[in-house]
Amino acid sequence: MAPALTKQPPPPHFVLVPLAAHGHFIPMVHLARLLAARGVRVSLAATPLDVARLRGFADQAAHAELPLELVELPFSPADAGLAPDCQSADKLTEDSQLLPFLSSLRALRAPFEAYVRALGPRPSCIISDWCSPWTAGVARSLGIPRLFFHGPPCFYSLCELNATVHGLQEQIAAAGDHQETHVVPGMPVCVKVTKGTVPGFYNAPGFETLRDEAMEAMFTADGAVVNTFLDIEAQFVACYEAALGKPVWTLGPFFLHNREDKAMALCGISSTAAVDQRAITAWLDEQAPGSVVYVSFGSVVRKLPKELFDVGHGLEDSGKPFLWVVKESEAATPEVQEWLDALKARTAGRGLVVRGWAPQLAILSHGAVGGFVTHCGWNSLLEAISHGVPVVTWPHFADQFLNERLVVDVLGVGVPIGVTVPVRMLDDESMPVARVDVVRAVSALMDGSEEAMERRRKATEYGERARMAMAKGGSSDENMTRLAENFMHTGVKKD
Ligand code: UDP
């Protein structure tokens, strides 16, 4: 008798909904690629601007025959009084636009729900950004499991959750003293914060509704996905999982699937997205191994000229080779352009200023780079750690102050520049760092002292472990297998 034919179940279908901001969006794009490489069908839903930015990425995925599609969600920022192209956080021109922008994203719910309803079989799972709580109602009404993707490390997310549950934000808000330190309850290590550095993405006045919606969506989700790996924060992952009472899937570093930075070159901010990567590599090839300090403040921070000049002078005074990324929006005036040209002339051969969007993964993976002055966005820190590069920590806002604590106090791979008070995202007038601070911190990072060597040794070890976590049989790889299998059937339990 012929054996009975066994019917293969269809692959799971994940719908990913990133937040329209590079620091949130880029890891989700990597995650989409990772899932698709497992044979999971992936739909990535985004605003028209982000979909346009991802065309090249989607073409690459199609070329590699990956089951990955883009879904364009119609979106009109003009309804919130914003410019028509204001469809991603990098398009904001003033801080005051952040609240209307984030609030306006709720309008994506209707087209998103229409898209999901029109699908044949329901998707197996929605993974949406922590800051996109409007997805919760869609998932609930259609009975689809939902995981939230929170951008920061578990260390930060656990601080944030514990602070919220114990009312720390309210206690600190009531206290007058800005410098007074408060211990975050329920942490496995002692973590102290001040009024300015208390965790919470939406602590500013006016953001209360957004915060409540995000918290509610977090508590009603079926689990969390985090771009981290167990070797750097196992204790915080375990505590976060226990505190949330739901699975926390550590699947990172996501970007390690993409060693050549091809896809992210396509995620540029502007028309100069294609800063000539070959010219940067050629310049790095000329430098001694581990000698170059890379300097970048992420995708959104915009510094005023006087602060840029202090950074530049500090790098010049440090005497170290440097590769410094200055945004187009920062270098827009003749004053700054002339100043940068003069710096270039003074530091010829030793300094390179990249104007626009830099190929950060390619830079960090180059053997000439030996240190990174960073604003402590989690993507940047994880990218540094995973490439064995120690850091100077210069946090600006949001999760960055606690991310600094993780890399300095827990992991031992960072030198603080000494900032204790947050600044605004765009054009903050205060000058928390002077050129001498840049010189001091860069020297401490690169001077070859015993401490510097120890930081470098640890970073190298974490880099190796990051690769092991993502390699076949590593902790993140195994979690990815379990996640995909889990949604092959129903339910969201990890084991
Ligand atoms: N990035 C880049 N080139 C740039 C600036 C940023 O590739 O010129 C990438 C960087 O590699 C990281 C992301 O943008 O993946 C920034 O995220 P992060 O969490 O570090 O900071 P944010 O931009 O959210 O403040």
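Just so it is clear, none of the values below were taken in a lab; they were calculated from the coordinates. Predicted model, so just to flag it, every value in this text is computed and none were measured. Methodologically, a virtual Cβ is constructed for each residue, glycine included, from the backbone with ideal geometry; neighbour enumeration extends over all protein chains shown.
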Quote to one decimal, in nm, the extra length available between Thr181 and Val421 on full extension: 0.36 nm per residue of separation minus the C-alpha distance between them. 85.2 nm
Alpha carbon convex hull of the stretch 314-365, projected area averaged over orientations, nm²: 3.9
With 10 angstrom as the radius, rank Thr393, Thr181 by how many other C-beta atoms surround their C-beta, starting from the fewest. Thr181, Thr393
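Using a Förster distance of 22 angstrom, determine the FRET efficiency expected from the C-beta separation of Ser430 and Glu94, and round it to 0.05.
Computed FRET efficiency for Ser430 and Glu94: 0.85.
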Spherically averaged projected area of the stretch 177-237 from its Cα convex hull (nm²): 5.7
Tally the DSSP beta bridges in the chain and give the antiparallel ones as a percent, rounded to 5. 5
Given 0.36 nm per residue, what is the gain on full extension from Glu450 to Thr209 after removing their alpha carbon distance, in nm? 81.9 nm
With each pseudo-label sitting 7 Å past Cα toward Cβ, what's the Glu65-Arg117 distance in nm, one decimal? 3.7
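Over 18 Å apart: what share of the alpha carbon pairs of the stretch 7-141 falls there, rounded to a whole percent?
54
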A chain fully extended from Gln171 to Lys472 at 0.36 nm per residue, minus the present Cα-Cα distance, gains in nm 103.7 nm
Out of Val354, Ala469, Ile232, whose Cα points farthest toward the positive end of the dipole of the chain (charges: +1 Lys, Arg; -1 Asp, Glu; placed on Cβ)? Ala469
For the stretch 1-125: relative contact order, % (alpha-carbon pairs under 8 angstrom, 6 or more apart): 25
Which residues' amide hydrogens lie under 5 Å from the amide hydrogen of Asp129, considering only partners 5 or more residues apart or on another chain, with H built in the peptide plane? Val17, Leu19, Phe149
For Lys306 and Lys7, what does the FRET efficiency come to when R0 = 60 Å and r is the distance between their Cβ atoms, rounded to the nearest 0.05? 0.35
Looking only at Cα atoms, what is the convex hull volume of the stretch 91-192 per residue, in Å³? 160
Cα convex hull of the stretch 323-404: mean projected area in nm², to one decimal? 5.9
According to a simple spin-label model (label point 7 Å from Cα along Cα-to-Cβ), what is the distance in nm between Ala52 and Cys190? 5.3
Determine Rg/Rh for the chain; Rg is computed over alpha-carbon atoms and Rh is the Kirkwood hydrodynamic estimate from the same atoms. 0.96
Assign unit charges at the C-beta atoms only (+1 for Lys and Arg, -1 for Asp and Glu), then state the dipole size of the stretch 69-195 relative to its Cα centre in Debye, rounded to the nearest 20. 560
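How do Leu142, Leu70, Leu35 rank when sorted from fewest to most other Cβ atoms within 10 Å of their own Cβ?
Lowest count first: Leu142, Leu70, Leu35.
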Nearest 10 degrees is fine. How inclined is helix 435-446 to the longest principal axis of the chain, computing both from alpha carbons? 70
Could you point to the residue in Leu340, Leu364, Thr281 farthest towards the positive end of the stretch 281-366's charge dipole, with +1 and -1 charges on the Cβ of Lys/Arg and Asp/Glu respectively? Leu364
Please report the relative contact order for the chain, taking Cα pairs under 8 Å with a sequence separation of at least 6, and give it as a percent rounded to a whole number. 15
Would you work out the relative contact order for the stretch 315-374, in percent, from Cα pairs under 8 angstrom that are 6 or more residues apart? 41
Put +1 on the Cβ of each Lys and Arg and -1 on the Cβ of each Asp and Glu in the chain; which of Val326, Pro48, Ser124 then has its Cα farthest toward the positive end of the dipole? Ser124
How big is the dipole moment of the chain about its Cα centre under a simple scheme where the beta carbon of each Lys and Arg is +1, that of each Asp and Glu is -1, and everything else is neutral? Debye, nearest 20, please. 1280
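Most exposed first by the Cβ proxy, i.e. fewest other Cβ within 10 Å, how do Cys239, Cys154 rank?
Neighbour counts put them in this order, fewest first: Cys239, Cys154.
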